[in-house]
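Below you'll find the structure, written out as structure tokens, and then a few comments.
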Amino acid sequence: MIHHMLSTLMSKIWSGWGTLAGVFLIFALWQVGFETFGSLVLPAPLEALSRLVDLVALPSGLEYILITAKRAFAGFLLASAFGIFFGLIAGWSNTLSLLCKPFITVALGVPPIAWIVLALLWFGGDDGTPIFTVFISTIPLIFAGALQGVRMREKELDEMAQSFHVPLVQRFWQVQAPQIVSYLFPAWATALGLSWKVVVMAELLSSTRGIGAGLAEARVNIDTASTMAWIVVVVGLLLVIEGMLLNPVKDYVEGWKHAE
Amino acid sequence: MLNDAAPLLSVVPRGSAETKPSVLSVSVEDHRYHPLQQTLAPSALELKKGEVVSIIGPSGCGKSTFLRIAAGLIEASTGKISSTADRTAILFQEHRLLPWKSLLNNISFGLQGQKLSKFQRMKKARTVAYAMGFTEDDLIKYPSELSGGMRQRGALARALAVEPDLLFLDEPFSALDIGRRRDLYRLVLHEVDEKQCSVLMVTHDVTEALALSDRVLIMAPDPGHFAKEYEVPLTRSERTRRNLLELEASLLADDRIAQLFNMSNWEQLV
């Protein structure tokens, strides 16, 4: 038992090292780019980082980050709730899942930028536009993941549970839900990453506050250092979310897959 | 109920069988998965308490379908089933353990169909698991960490944990080696002798059917129907590999049956 815990801890630290090495490699390449092309094209990484510290130190900088995070999560959570709920319902019905196929294809095909234009017309320049854009561009992914999870479950296991007269609620949680999650989770993780990117894009075009708005300001001022600083914030937060939220959840729900 | 109180000696599978109450009676008139294709023609079967009956037949003859109907997993297009068994369990060809549950939780899984507290379920599952030769270490393992034989034994433990009056076996031994197979035979027969559990088994292995059963029904395909019923003449304790071979010979001496299994000139090995 102790040995097991130690080895999982070691493997965690080890994968952390891997991520860190990757990050430093990116900074190194960035530095090379700066030295080759000059600071107008790419600012020095250190300059961008010090700008980042300045931005976060300002009350408005931190506020921007929190606003963006709030919008991304609001859109993502709404999309998760609706997407999973309707995906499960559609998955259980042959007719519905057939009917939903073209909808998913269309919804995945519409570029987020088109939704932003529509959302601007519908919701104006407030929180509504980025939240809606995140919602509408991530929901097809989550919906399709839940639907596939229900469709692809092993009927043999259902039959086994039925043969023991296990009540329906337990059957769902213990037999079907773990199978659905293994399909849903990758889609869910992709949707979370997408929601970060989309929220920044929506803010850039529609909002006066948030990371996207900060990027828009930087563009107006031709301030590459601030631009890179905001990019570092977005990517850094995505890495943190992945490490602190997604990976532990993944370990929890898929732990049985990694039993040696 | 009466028989529960009466002192039943363990190894009396035959002779007294006529007086024992019927546990299951299945009468299928017709069954089709597809409207134009008849899977089962009229076929009926009666199973008595403590009796072991096998259905053998070539692959795809409908024997598994018949078992599914008998077990109540699917409904016959037309037909009647009546069963007096309180608790039934099915052992499938594949183990069908839940890969995300430990062995112990898998064994206790089937008990959720009964009104037991979680503590009682765990206690019962543990007792059964130990009786079937699992160690404490095995119980916390996931199915992927167990060998094929142990998985099937786990599936049997899950089935026996519900203390079935009626056990359905759908070729559960076919993927096991000869030693593991005999271990499981013994565990099943122990349940039959101790608790007067009735067993309906489907297999394509003639020797297996003869070794375990009181009666063997032979099913012929297109559409599935029982072609012959064969009462195994020896009591289970009298059966050995040698005399089973003779029984098999006498069974396959019937031309119709030999043809069914594609075993004309069956003595030729290859």
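The values are calculated or read from the model by the stated rules, or taken from the named source; none is laboratory data. What you are looking at is a predicted structure, and each value in this text was computed from that prediction instead of being measured. Every residue, glycine among them, receives a Cβ derived from its backbone with ideal geometry; neighbour counts consider all protein chains shown. Calculation scope for accessible area: heavy atoms of the full protein, side chains included, ligands and nucleic acids excluded. Shrake-Rupley method; radii C 1.70, N 1.55, O 1.52, S 1.80 Å.
Could you calculate the contour length gain from A:Val220 to A:Glu63, that is, 0.36 nm times the residue separation minus the distance between their Cα atoms, to one decimal place in nm? Provide the component values of the computation, followed by the final result.
On the way: separation 157, 0.36 × 157 = 56.52 nm, distance 2.04 nm.
Result: 54.5 nm gained on full extension.
If packing is taken as the mean number of other Cβ atoms within 10 Å per residue, what is the order of A:170-181, B:62-73, A:246-257, A:231-242, highest first? Before the final figure, lay out each step's value.
Details: A:170-181: 17.6, B:62-73: 21.9, A:246-257: 13.8, A:231-242: 15.8.
By packing density, highest mean first, the sequence is B:62-73, A:170-181, A:231-242, A:246-257.
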Exercise. Once region B:101-164 is represented by equal point scatterers at the alpha-carbon sites, with solvent omitted, what log10 I(q)/I(0) does the Debye formula produce at q = 0.17, 0.26, 0.29 Å⁻¹?
Worked result: -0.48, -1.10, -1.34
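Within 10 Å of each Cβ in A:172-179, how many Cβ atoms from other chains are there, averaged over the peptide? Please report the intermediate quantities before stating the final value.
Details: counts 0, 0, 6, 4, 0, 1, 4, 3.
Rounded to a whole number, the mean comes out at 2.
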For this session: Give the calculated FRET efficiency between B:Glu136 and A:Lys101 to the nearest 0.05, with a Förster radius of 41 Å applied to their Cβ-Cβ distance.
Result: 0.25
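Once you average over the residues of B:101-110, how many Cβ atoms of partner chains fall within 10 Å of each Cβ?
Numbers: counts 4, 2, 0, 0, 1, 0, 0, 0, 7, 6.
The shielding value for this peptide is 2.
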Problem set entry | Taking the C-alpha atoms of region B:105-229, convex hull volume expressed per residue in Å³ | 129 Å³
Problem set entry | Exceeding the 30 Å Cα-Cα cut-off - candidates B:Lys48/B:Lys118; A:Lys155/B:Lys124; B:Lys80/B:Lys124 | B:Lys48/B:Lys118; B:Lys80/B:Lys124
Exercise. In the protein assembly as shown, carbon and sulfur make up what percent of the accessible area (probe 1.4 Å)?
Worked result: 64 percent
For this session: Give me the distance between the Cα centres of region B:158-195 and region B:75-134, rounded to whole Å.
Result: 13 Å
Problem set entry | Peptide A:149-162, shielding by other chains (average Cβ, 10 Å cutoff) | 3
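Report, as a whole number in µm² per second, the diffusion coefficient that Stokes-Einstein gives for the protein assembly as shown at 10 °C and 1.306 mPa s using the Kirkwood radius over alpha carbon pairs. Don't skip to the answer; put the middle values down first.
Values: Rh = 28.1 Å.
Estimated diffusion coefficient is 56 µm²/s.
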For this session: Please turn the phi angles of region B:183-197 into ³J(HN,Hα) values with the Karplus equation 6.51 cos²θ - 1.76 cosθ + 1.60 (θ = phi - 60°), one per residue in order, whole Hz, x for glycine and proline.
Result: 4, 5, 3, 4, 5, 5, 5, 4, 5, 5, 5, 6, 10, 6, 6
Problem set entry | Contact surface A-B: accessible area buried, both sides summed, square angstrom, 1.4 angstrom probe | 2000 Å²
Seminar exercise, completed: Cα-based Rg then Dmax for chain B, in Å, read 18.9, 58
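Peptides B:31-43, A:103-115: what's the order by average Cβ count within 10 Å, highest mean first?
Values: B:31-43: 15.1, A:103-115: 13.5.
Result, highest mean first: B:31-43, A:103-115.
Expressed in nm to one decimal, what extension gain is obtained for the pair B:Ser174 and B:Arg186 from 0.36 nm per residue of sequence separation less their Cα-Cα distance?
Working: separation 12, 0.36 × 12 = 4.32 nm, distance 1.55 nm.
Gain in length upon complete extension: 2.8 nm.
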Problem set entry | Interchain or long-range residues, amide H under 5 Å from B:Ile55's placed H | B:Met201, B:Val202, B:Thr203, B:Leu217
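Any chance you could list the semi-axes, whole Å, largest first, of the equivalent ellipsoid that the Cα gyration tensor gives for chain A, using √(5λ)? Could you put the intermediate results ahead of the total?
Working: eigenvalues 303, 139, 40 Å².
Semi-axes, largest first: 39, 26, 14 Å.
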